[in-house]
Amino acid sequence: MKTYVRLWLLVCIIFTYEYLALNRFPELSILHWIQIHGYLPDFKLNTLPGKRISMVLGIAGFAIMLLTNFYSFRKRLFSGNRSMGSLAGWLNFHIFCGLVGPTLILFHTDFKIGGLVAISFWSMVISFSSGVIGRYFYLQITSSKKELEQSSETCWGNFKNNYSRVQGNLKSEQIDQQLLLIQNKVLSVAGAAQFEEQGIMQAIFGSLTGDLRLRFALPGITSTLPARSDYLLKTFAILRRRAKYLSQFQQVMGYWHSFHMPFAFLMYGFAIIHIITALIMMVPET
């Protein structure tokens, strides 16, 4: 996902530069340079809505938004076909298109959003924003509780072996006591130490704050521990927490779908109306 985010940021930088150049310093524009060298037809380089560049951005943005639906097709129609790639990979592509599409459409509007298109635009913003949040929830439920518990025990076993090997001069009882203290401390930092039943909001809050604490507090715990302790303990704690909150996050995903999907349909519906209206009332390029 990091690669997709970097690529999206690169798209934002390039389009922001080109937008500012066309509107303020045309001689610095990449499109202007391409045009004067004869690689682009001679038309006015104008970013205003309804003009050629704006139309191209709108078409490209809408087409990219349509590509987000490939994730839904993969999940619903080809769920058992692993040759078509993993669902996690398709989800990342889904989110990437949900970032790039609205970015192009924002430039398509020349940052002037009003009228009928505003309904589609803000539905799109809500849809892709909730999609980014939904990815976090989805990643919490990609494995069964048994798989999560087995994986967490494997991580703990690897850490325990490394720790016991380094602390070979201590008695086994002392090592076990220290391991128990480390385990309780790490699980507490990750938000997975409480064993009483937690509600949905407690699960979300505990998971998010646990991630922040693991990022900033864990290095202090593992600074004097054997190599790879940071990775093993962090993975162990997250897997244990995911197993603990699995049922809560499954409920969250059900609520999330009920919120996310109507905005997606609203976005496409008003976008199609906007496209048809624009084609009917199209102003000739000047």
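The values are calculated or read from the model by the stated rules, or taken from the named source; none is laboratory data. Source: prediction; values computed, not measured. Please note: Cβ atoms are built from the backbone with ideal geometry, for glycine as well, and neighbour counts cover all protein chains shown. Surface areas here come from the heavy atoms of the whole protein model, side chains and all, with no ligands, DNA or RNA. Shrake-Rupley method; radii C 1.70, N 1.55, O 1.52, S 1.80 Å.
Details
- Qualifying positions in region 152-189 - under 30 Å from the mean Cα position of the chain (by Cα), open to solvent by 50 Å² or more (accessible area, probe 1.4 Å) and not β-branched (Val, Ile, Thr): 153, 185, 188
- Comparison of 46, 92 shows that the only residue that is surrounded by 14 or more Cβ atoms within 10 Å (Cβ to Cβ) and modelled with pLDDT under 80 is 46.
- Qualifying residues in region 114-139 (those that are crowded, with 16+ Cβ neighbours inside 10 Å and over 21 Å from residue 2 (Cα atoms)) - the one farthest from the chain's Cα centre (by Cα): 117
- Listed by position, the helices (runs of 4 or more DSSP H) enclosed by region 1-95 that each have at least 1 residues that are under 22 Å from the mean Cα position of the chain (by Cα) are 2-24, 52-67, 69-77.
- Residue count for region 191-218, restricted to those that are in a helix (DSSP H, G or I) and open to solvent by less than 60 Å² (accessible area, probe 1.4 Å): 11
- Single residue of 243, 217 found to be in contact with an Asp or Glu (Cβ under 7 Å, 6 or more places away or on another chain), touching a residue at least 12 places away in the same chain (Cβ under 8 Å) and at negative phi: 243
- Picking from residues in region 255-286 that are over 30 Å from residue 201 (Cα atoms) and not hydrophobic (A, V, I, L, M, F, W, C), the one that is modelled with the lowest pLDDT is 286.
- Residue 236 free of Cβ contacts under 8 Å to residues at least 60 places away in the same chain and not hydroxyl-bearing (Ser, Thr, Tyr): no
- Failed item in (1) among the β-branched types (Val, Ile, Thr); (2) over 27 Å from residue 139 (Cβ atoms); (3) surrounded by 15 or more Cβ atoms within 10 Å (Cβ to Cβ), with residue 224 passing the rest: (3)
- Output for region 15-30, where each listed residue is open to solvent by 60 Å² or more (accessible area, probe 1.4 Å), of a type in the set (A, V, I, L, M) and within 16 Å of residue 111 (Cα to Cα): 20
- Check on residue 280, surrounded by fewer than 20 Cβ atoms within 10 Å (Cβ to Cβ) and under 20 Å from residue 101 (Cβ atoms): no
- Residue match in region 258-270 (condition: exposed (fewer than 14 other Cβ atoms within 10 Å of the Cβ) and either β-branched (Val, Ile, Thr) or over 30 Å from residue 114 (Cα atoms) (or both)): no
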